[in-house]
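The values are calculated or read from the model by the stated rules, or taken from the named source; none is laboratory data. None of the values given here were measured: they were computed from a predicted structure. FYI the Cβ positions are ideal-geometry reconstructions off the backbone, even for glycines, and counts take in every protein chain you see.
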Amino acid sequence: MITLTVNGECYRYEGPLTLQAFLEHWSAGTRMVAVLNDEVISRQKVGDIILREGDRIELLSLAGGG
Amino acid sequence: MKTLNKEQCQRYARQISLPEIGEDGQKKLLASRVLLIGVGGLGSPAGYYLAAAGVGTLGLADGDVLELSNLQRQIAHTTADLGRSKVESAARAFAALNPDVQINAHNLRLTAENAPGLFKDYDFIIDATDNFESKFLIAGACHAVGKPYSHAGILKFIGQTMTVIPGQTACLRCVFDELPPGNKEPPQGPLGVVPGVIGTIQATEAIKYLLGLGALLTNRLLTYDALRLEFRSVRINRNPACCLCRGARPPMTE
């Protein structure tokens, strides 16, 4: 098991887990941007990244209103 | 810089009494120029507070006419202004609050052609627009002319904002690479006070930038969830693959 902090809250996941698998599990649509440990990760790279204990993930989407 | 007259000393007494601002800071504000793009939900509170603080020149750029459904959140306008251009009614509201402020009304829709020329005349840009395309356009034009800006966006009960110093801090396009698909459904929300909260933060950032105060909201996206009443500051590093920053020159050093 690994512990991830997602949008500021802790979750336990069965490892190993790629960022892509995490995003699918989270049902994060293509409008969501993943920020892993303060770095923006492009969609093309999420399959290559294996999440590690203590990783911080932020899921952001652009708000268009004003 | 001119000395403050008696009326200015009284009007701005409370902020002059802050050692971080003082008379010198007030003179700096009076000599400063801020451009608000959009005088709707975000631009109304931002404009009111910047005018109240005595930012010497406020530019207002908006091409819209006031509609009844705007008034639930766009507090610079009144029911009597329906059918008038928003820059006209907002200019009147801000001037009524503080006649000391020079207001430039730009009744236009921002385009890639007119943006750089418009931005050049201002020290700080506030993105108070209501659509993805304008937000991307502002990020690109600010980058091209090297102007700092406050980005913000609103959705339902959520607001987000970040301050960008182009070429030095993470920019909007470092975070959001692609324009989200357009939404064909009728807009839902926002709760009117949500842009009120975020617009006042944008005004705070403009004042801090102009006076060199504190720590700006750079390399961070502040998110606000009104239902949970929660603010979160999400750290974001500059993205080496960013379409705008990739070609950026290194920051100027003294």
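What the table shows:
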{"read-out": "Filter result for B:ALA112 (more than 21 Å from B:GLY56 (Cα to Cα), away from chain A (no Cβ under 14 Å) and outside any helix (DSSP H, G or I))", "value": "yes"}
{"read-out": "Every residue from region B:129-148 that is assigned to a loop (DSSP other than H, G, I, E, B) and facing chain A (nearest Cβ under 9 Å)", "value": "B:THR129, B:ASP130, B:ASN131"}
{"read-out": "Some residue of region B:78-94 being among the hydrophobic types (A, V, I, L, M, F, W, C), surrounded by 14 or more Cβ atoms within 10 Å (Cβ to Cβ), in contact with a Cys (Cβ under 8 Å, 6 or more places away or on another chain) and part of a helix (DSSP H, G or I)", "value": "no"}
{"read-out": "Output for region B:180-231, where each listed residue is in a helix (DSSP H, G or I) and within 22 Å of A:ARG31 (Cβ to Cβ)", "value": "B:VAL194, B:PRO195, B:ILE198"}
{"read-out": "Qualifying positions in region B:192-215 - closer than 24 Å to B:LEU244 by Cβ, out of contact with any Phe, Trp or Tyr (no Cβ under 6 Å at 6 or more places or on another chain) and surrounded by 15 or more Cβ atoms within 10 Å (Cβ to Cβ)", "value": "B:ILE198, B:ILE201, B:GLN202, B:GLU205, B:LYS208, B:LEU210"}
{"read-out": "Test for B:PHE124: is it farther than 25 Å from A:LEU62 by Cα, buried (at least 20 other Cβ atoms within 10 Å of the Cβ) and modelled with pLDDT of 95 or more", "value": "no"}
{"read-out": "Residues of region B:30-81 classified as over 17 Å from B:PHE119 (Cα atoms) and either within 11 Å of chain A (Cβ to nearest Cβ) or charged (D, E, K, R) (or both), total", "value": "10"}
{"read-out": "Selection from region B:1-54 of residues that are over 20 Å from the mean Cα position of the chain (by Cα), under 24 Å from B:ILE75 (Cα atoms) and part of a loop (DSSP other than H, G, I, E, B)", "value": "B:TYR12"}
{"read-out": "Extreme residue, surrounded by the fewest Cβ atoms within 10 Å (Cβ to Cβ), among residues of region A:1-18 that are within 14 Å of another protein chain (Cβ to nearest Cβ) and not acidic (Asp, Glu)", "value": "A:GLY8"}
{"read-out": "Whichever residue in region A:49-66 is under 24 Å from B:PRO180 (Cα atoms) and over 11 Å from the mean Cα position of the chain (by Cα) and, among such residues, is farthest from the other protein chains (Cβ to nearest Cβ)", "value": "A:SER61"}
{"read-out": "Leading residue by the ranking (farthest from A:LEU36 (Cα to Cα)) among those in region B:170-179 that are at the interface with another protein chain (Cβ under 9 Å from one of its Cβ atoms) and in a loop (DSSP other than H, G, I, E, B)", "value": "B:LEU179"}
{"read-out": "Qualifying positions in region A:19-47 - surrounded by fewer than 19 Cβ atoms within 10 Å (Cβ to Cβ) and either on the phi > 0 side of the Ramachandran plot or more than 14 Å from every other protein chain (Cβ to nearest Cβ) (or both)", "value": "A:GLN20, A:ALA21, A:GLU24, A:HIS25, A:TRP26, A:SER27, A:ASN37, A:ASP38, A:GLY47"}
{"read-out": "Strands (runs of 3 or more DSSP E) within chain A that include 1 or more residues in contact (Cβ under 8 Å) with a residue 24 or more places away in the chain", "value": "A:2-6, A:9-13, A:33-36, A:56-60"}
{"read-out": "Set B:GLY182, B:GLY167, B:GLY189: member being under 27 Å from B:CYS242 (Cα atoms) and within 11 Å of chain A (Cβ to nearest Cβ)", "value": "B:GLY182"}
